[in-house]
Amino acid sequence: MTRSGLGLGKTFLLFFLGFLGSFLMLAIRSIVTGRMIHLFLFWNLILALIPLVVAVLTAVVTHKGPRLLTLPALVVFSFAWLIFFPNSSYLFTDFIHLIQKGLPAENPNARGMENMLLWYDVIVRSLFAFSGHFLGLVSLWIMHRQWKKAVGRVGGWVLVVVSTLLAGYGVFMGRFLRLNSWNLFTPGDAWTRLVDNLATPDAWLFSVSLAVFLLISYFFVYLFKQARGGES
């Protein structure tokens, strides 16, 4: 097995551990409260795995072969990856349910099971969000490698920056316009709403701030891979 193959194997193992740990934490919550809730988080975490699967397929398809064939394949796979890439960051927006609930204004540091359950939910959601975010960053690293081979170092970084900006806007669409990745392939007004909201200030504020977060996070992964002898 190649070194990259071992790395991907460990990545999927980490996903499984994150998924299992999240399930156990929700199971503990259900035992304490007698209710099994927040199951939608599992679905969102599974969706976060899709960009990594697409990125791996991209690497396999474009690994060998004439440039005349691999370059069009890279364009197609990059487009497919980009559509699903926002799923890996969308989990961060699931904190909105806890924001709505909030802590008591008179004493946010009060103890008691009700407040501790809210803090517990913050920790559980953080685990889900971290797991999904990690999968997205790994998928971006794989795509970045393919882009550098195709368009060079500068071109690869340009595509990374553009991808994070579009991912930020994709998460905005998912949370505030309630659009899913597959809506782009179904008849309806998804594309109209996508274009109409491009110039709105709140869309820019959210999208750019999330893009900065994604880009800085990716720098950590990129530099770590370099330090471990990964491709520069």
| Rounded tilt (10° steps) of 67-84 against the dominant C-alpha axis of the chain | 10
| Under the Karplus relation 6.51 cos²θ - 1.76 cosθ + 1.60, θ = phi - 60°, what is the ordered set of whole-Hz ³J(HN,Hα) values for region 138-155, x standing for Gly and Pro? | 5, 5, 5, 5, 5, 5, 4, 4, 5, 5, 4, 5, 8, 10, x, 5, 5, x
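Could you put S217, S131 in order, starting from the residue whose Cβ has the fewest other Cβ atoms within 10 Å? Before the final figure, lay out the partial values.
On the way: S217 17, S131 23.
By the 10 Å Cβ count, ascending: S217, S131.
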| task | Please check the chain for the longest run free of trypsin sites (Lys or Arg not before Pro) that are loop-located per DSSP (anything but H, G, I, E, B) and have at most 14 other Cβ atoms within 10 Å. | result | 112-177
| message | Over region 89-195, what is the relative contact order in percent, taking alpha-carbon pairs closer than 8 angstrom and at least six residues apart? | response | 27
| request: State the number of lysine pairs found in the chain whose Cα atoms come within less than 26 Å, restricting to pairs 8 or more positions apart or on distinct chains. | output: 9
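Fewest to most neighbouring Cβ within 10 Å: what's the order for I142, I83, I46, I31? Display every interim value, and only then the final one.
Values: I142 23, I83 18, I46 13, I31 9.
With the fewest neighbours first, I142, I83, I46, I31 line up as I31, I46, I83, I142.
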| C-alpha center-to-center spacing [region 160-218, region 37-90] in angstrom | 17
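Hey, with R₀ at 41 Å, roughly what FRET efficiency would L71 and L39 work out to, going by the Cβ-Cβ distance, to 0.05? Kindly include the intermediate steps, with their values, before the conclusion.
On the way: r = 42 Å, r/R0 = 1.02.
Efficiency for this residue pair is about 0.45.
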| task | Would you mind checking the tilt of helix 201-227 against the longest principal axis of the Cα atoms of the chain, expressed as 0 to 90 degrees and rounded to 10? | result | 70
| Relative contact order (%) - the chain, alpha-carbon pairs under 8 angstrom, separation at least six | 22
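Nearest 500 deg cm²/dmol is fine: what mean residue ellipticity at 222 nm does the chain get from its DSSP H runs of n ≥ 4 alone, each adding -39,500 (n - 2.57), divided by its residue count? Let's see the in-between values first.
Working: 8 runs with 179 residues, N = 232.
Result for the chain: -27000 deg cm²/dmol, rounded to the nearest 500.
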| message | Can you tally the net charge around M113? Count Lys and Arg as +1, Asp and Glu as -1, for every other residue whose Cβ sits under 15 Å from the Cβ of M113. | response | +2
| note | Among the Cα-Cα pairs of the chain, the proportion with separation greater than 21 Å, in percent, is 61
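Counting only other residues whose beta carbon sits under 11 Å from that of L179, what net charge do I get with K and R as +1, D and E as -1?
Details: positive: R175, R178, R193; negative: D189.
My count for the surroundings of L179 gives +2.
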| remark: For the chain, the longest principal axis of the Cα atoms and the Cα long axis of helix 40-61 enclose an angle in degrees, to the nearest 10, of 10
| said: Let's test the formula: R0 of 45 Å, r as the Cβ-Cβ distance of T200 and V154. What FRET efficiency results, to the nearest 0.05? | reply: 0.90
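Rule-based calculations on the coordinates, nothing more; no lab input. Since we're looking at a predicted model, the values are computed, not measured. In this analysis, Cβ positions are derived from the backbone assuming ideal geometry, glycine residues included, and neighbour counts consider all displayed protein chains.
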